[in-house]
Amino acid sequence: MQAALHPTVPTGLCLALYKGTRPGVAGLYNRLGRLVDAGKYSHCEIVFSNGISASSSFMDHGVRFKQIGYSSIGNWDFLHIPDQDGLVEISALNWFRRHEGKAYDIWGNIRFATNFARDSSDKWFCSEACMAALGFPEAYRYGPSGAASLAQWHFGAELNEVF
C-alpha cells in the first residue's frame, strides 16, 4: 500500500528530519534535543519508497512503522538516499521489521546531555534506530543532526530543505 505523502517529500528512500517545535512539554524536548545535538533537528524518520515511515519514538513507545503525511510545511527537511539496486532500503526495512516493538531508549537519549548514561542494547531512540537500520556501526553516537550530516556525507546525498 502506498502512503499519501505531501508533494515536497522526495520519492524513494529518504531520511526525514524534524526541525519544527511541538507545543507544550514536547516543544521543550525539541529545543533541548537541538541544543544538545548542536543542530536544527530533534527527530528523524526513514521514509521508504512506499511512503511508510519508520523510527523510534517516545510518543509511540519505541520502534514502529507509521504513516506520516509530512504535510506540516516548514517542519521537515528530507535527505534522499541514493539506492539504485534497492539493497539499502531492503536492509533498512528488514532492520525495522526485526526491531519493531522494541522500547524507546530514554537513557541512551539522555546520554547526549549527560555523557554518563549508557545506551541500551535492546532499546532505541530515533536517530540511533535510523542509523543502525542504514548500517552505521555504533549508531547510539548520533543525534538527529549528527545523523543527517553523516548520512549526507556518506551517501553523497542532497538535503531537500522545505521552508
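The values are calculated or read from the model by the stated rules, or taken from the named source; none is laboratory data. Fair warning: this is a prediction, and the values are worked out from it, not measured in the lab. Every residue, glycine among them, receives a Cβ derived from its backbone with ideal geometry; neighbour counts consider all protein chains shown. We work out accessible area using only protein heavy atoms, side chains counted, and drop any ligands, DNA or RNA first. Shrake-Rupley method; radii C 1.70, N 1.55, O 1.52, S 1.80 Å.
Take the residues of segment 125-154 that are in a loop (DSSP other than H, G, I, E, B) and over 20 Å from TYR104 (Cβ atoms): which is least open to solvent (accessible area, probe 1.4 Å)? Reasoning before the result, please.
Pass one, segment 125-154, residues in a loop (DSSP other than H, G, I, E, B): 125, 134-138, 142-143.
With the extra rule that they be over 20 Å from TYR104 (Cβ atoms), the set shrinks to 135, 137.
Values: GLY135: 60, PRO137: 97 Å².
Ranking the candidates gives GLY135 first.
Would you call SER127 touching a Leu at 6+ places or on another chain (Cβ under 8 Å), polar (S, T, N, Q) and closer than 27 Å to THR8 by Cα?
Numbers: touching a Leu at 6+ places or on another chain (Cβ under 8 Å): no; polar (S, T, N, Q): yes; closer than 27 Å to THR8 by Cα: yes.
No: the conditions fail for SER127.
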Of the candidates ASP37, ASP85, the one satisfying the condition of being at negative phi, of a type in the set (Asp, Glu) and touching a Ser or Thr at 6+ places or on another chain (Cβ under 9 Å) is ASP37
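Pick out the one residue from ASP85, ASP77 that is of a type in the set (Asp, Glu) and either at pLDDT below 95 or under 20 Å from THR8 (Cα atoms) (or both).
From the options ASP85, ASP77, the qualifying one is ASP77.
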Is it fair to say ARG64 is under 20 Å from PHE136 (Cα atoms) and either open to solvent by 60 Å² or more (accessible area, probe 1.4 Å) or free of Cβ contacts under 8 Å to residues at least 40 places away in the same chain (or both)?
yes
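Are any residues in segment 75-88 part of a loop (DSSP other than H, G, I, E, B) and open to solvent by 40 Å² or more (accessible area, probe 1.4 Å), and if so, which ones? Spell out the reasoning first.
So the first thing to find is which residues in segment 75-88 are part of a loop (DSSP other than H, G, I, E, B), and the list is 75, 81-86.
Listed by number, the residues that qualify are ASN75, PRO82, GLN84, ASP85.
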Here are the criteria: (1) of a type in the set (A, V, I, L, M); (2) free of Cβ contacts under 8 Å to residues at least 60 places away in the same chain; (3) open to solvent by less than 90 Å² (accessible area, probe 1.4 Å). Tell me which single one VAL9 does not satisfy.
(2)
How many of the residues in segment 38-61 are open to solvent by 30 Å² or more (accessible area, probe 1.4 Å) and among the charged types (D, E, K, R)?
2
Of the listed residues (SER91, SER72), the one being in contact (Cβ under 8 Å) with a residue 24 or more places away in the chain, assigned to a loop (DSSP other than H, G, I, E, B) and either open to solvent by 30 Å² or more (accessible area, probe 1.4 Å) or polar (S, T, N, Q) (or both) is SER72
